[in-house]
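Only one structure is covered here, and it is reproduced in the block below.
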Amino acid sequence: MKIIAIDPGYERLGVAILEKSSGSKETLIFSECFKTSAKELAEKRLFLIGKEVSDLIKKYGPDALAIETLFFKNNAKTAMKVSEARGVILYEAAKNELEVREFTPLEIKVAVTGYGKSEKEQVTEMVKRLIKIEKTLKYDDEYDAIAVGLTYFATVKSFPQAG
């Protein structure tokens, strides 16, 4: 089974494509941190996010989309922008008939580290141990997307063979 996993953002969007066959370890096929420019209008930035997700779905043909839910306690303006980006992402998933699974930060931390109050650095270190990453990642957003994908596979009890 192949999935697209997303750490949603408005300025930076973490994206990972992971694959797993029954009884095997997860494989990272692709990851990136997609960025939009603050110089662009909001609607253009949302369009670019949607186009990027659409292009990746077409290129890799995932069976499902895993995405982190929002958790903001301070900045409502940022929360609104990220909510809009999530809406675009969920639209692309529905348009392409992908199963969608959403995970809270707590669920992701428990799945990856075994502890719901893990620090960001602990999650990153466990991601590095759990899956082979062939390149140097510059941004935490990529690690976060990979963690979302690992959470998907940790919570799905059975899935069809990849192929």
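The values are calculated or read from the model by the stated rules, or taken from the named source; none is laboratory data. Just so it is clear, the structure is predicted and the values come from calculations on it, not from any experiment. Because the Cβ atoms are built from the backbone with ideal geometry, glycine has one as well, and the counts that use them run over all protein chains shown.
Key figures
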item	result
Tally, over segment 83-131, of residues that are over 19 Å from Asp55 (Cβ atoms), touching a Gly at 6+ places or on another chain (Cβ under 8 Å) and surrounded by 19 or more Cβ atoms within 10 Å (Cβ to Cβ)	1
Options Thr69, Thr27; residue that is surrounded by fewer than 15 Cβ atoms within 10 Å (Cβ to Cβ) and in contact (Cβ under 8 Å) with a residue 60 or more places away in the chain	Thr27
Qualifying residues in segment 113-163 (those that are at pLDDT below 95 and among the aromatic types (Phe, Trp, Tyr)) - the one nearest to Ala64 (Cα to Cα)	Phe159
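Each row is one residue, and each column tells you yes or no for (1) touching a helix residue (DSSP H, G or I) at 6+ places or on another chain (Cβ under 7 Å); (2) more than 18 Å from Ile146 (Cβ to Cβ).
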position	(1), (2)
Leu70	yes, yes
Ser83	no, yes
Ile89	yes, no
Glu92	yes, yes
Glu99	no, yes
Glu102	no, no
Glu107	yes, no
